[in-house]
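Colleague: One structure coming up, written as structure tokens, with questions to follow.
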Amino acid sequence: MKNAVLTEGLNGLDAQQSAVVVDKLNTLLSSYQFYYQNLRGFHWNIKGKAFFSLHEKFEGLYDEAAGTIDELAERILTLGGRPLHSFAEYTEQTYIKALLDISDGEEAVKAVIDNNQELLGQLRGLLELAGENNDEGTASLASGLIEGIEKTIWMFRAWLA
């Protein structure tokens, strides 16, 4: 476990089990950081007839992602762990690829869907792990994020149709 929990029995949870949850949370945090940067790039570089709507939507998504990043880091701290906080660390743990110079609306939307599918998979795994560890705080966080991501995927698929 790369990012071990330091506090024994914090919040009544088993420290070893929490260390596993913290590691998964840090991987999710890393993936969210790359997702955030991808969204910034789409926002800045989008061109074409859908510019106004997508430019605004990408800004909303990266604002939302920034809030989620903060929530993930705070949950890691709540469990007694250390949130990753450098791009060198994020690069080692992310499952989302950095995307460069995407200006086509359809390509950007497909990338948002792909990024969200990856985040959704990580969140479902985290939800399962949190449930096994009786970690209701992490389970609640994951569950709320899952609902939002599912809606984002649905909306962007509808946009593509």
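The values are calculated or read from the model by the stated rules, or taken from the named source; none is laboratory data. If you're wondering where the values come from, they're calculated on a predicted model, not measured in any experiment. Cβ coordinates were reconstructed from backbone atoms using ideal geometry, including for glycine residues, and neighbour counts include every protein chain displayed. Just the protein is used for accessible areas: all its heavy atoms, side chains included, with ligands, DNA and RNA removed. Shrake-Rupley method; radii C 1.70, N 1.55, O 1.52, S 1.80 Å.
Colleague: Can you give the Rg/Rh ratio of segment 40-146, where Rg is from the C-alpha atoms and Rh is the Kirkwood radius?
Modeller: Ratio of gyration radius to Kirkwood radius: 1.02.
Colleague: For the chain, what % of the accessible area comes from carbon and sulfur atoms, probe 1.4 Å?
Modeller: Solvent-exposed carbon and sulfur of the chain make up 51 percent of the total.
Colleague: Beyond 23 Å, what share of the Cα-Cα pairs of segment 1-98 remains, rounded to the nearest whole percent?
Modeller: Numbers: 1682 of 4753 pairs.
Of the Cα pairs, 35 percent sit more than 23 Å apart.
Colleague: If you take the charge dipole of segment 18-136 about its Cα centre, with +1 on Lys and Arg Cβ and -1 on Asp and Glu Cβ, which of LEU127, HIS85, ALA108 is farthest toward its positive end?
Modeller: In segment 18-136, that residue is ALA108.
Colleague: Let me ask something else about it. Give the lysines whose C-alpha is closer than 20 Å to that of LYS151, dropping any in the same chain fewer than 8 places away, or say none.
Modeller: LYS57, LYS110
Colleague: Given points 7 Å out from each Cα along the Cα-Cβ axis, report the LEU10 to LYS49 separation in nanometres with one decimal.
Modeller: The modelled label-to-label distance comes out at 5.2 nm.
Colleague: Then there's this: Give the relative contact order (percent, whole number) for the chain; include only Cα pairs under 8 Å separated by 6+ residues.
Modeller: 28 percent
Colleague: Counting other C-beta atoms within 10 Å, and keeping those with at most 15, which DSSP coil trypsin sites (Lys or Arg not before Pro) do you find in segment 86-125?
Modeller: Answer in residue order: LYS97.
Colleague: On to the next question. Protein chains only, probe 1.4 Å: how do HIS85, HIS55 rank by accessible area, largest first?
Modeller: Ranking HIS85, HIS55 by accessible area, largest first, yields HIS85, HIS55.
Colleague: For segment 71-161, run through the chymotrypsin sites (Phe, Trp or Tyr not before Pro) and keep only the ones in DSSP coil with at most 16 other Cβ atoms within 10 Å of their Cβ. All intermediate terms of the calculation are to be shown ahead of the outcome.
Modeller: On the way: sites: PHE87, TYR90, TYR95, TRP154, PHE156, TRP159; in loops: TYR95.
For chymotrypsin sites (Phe, Trp or Tyr not before Pro) across segment 71-161 that sit outside H, G, I, E and B with at most 16 neighbouring Cβ atoms in 10 Å, the list reads TYR95.
Colleague: Per residue, how much accessible area does the chain have with a 1.4 Å probe, in Å²? Provide the component values of the computation, followed by the final result.
Modeller: Details: 8530 Å² over 161 residues.
Normalised by residue count, the accessible surface of the chain is 53 Å².
Colleague: Work out the length of the dipole vector of the chain about its Cα centre, built from +1 on the beta-carbon of each Lys and Arg and -1 on the beta-carbon of each Asp and Glu, and round it to the nearest 20 debye.
Modeller: The dipole magnitude comes to about 420 debye.
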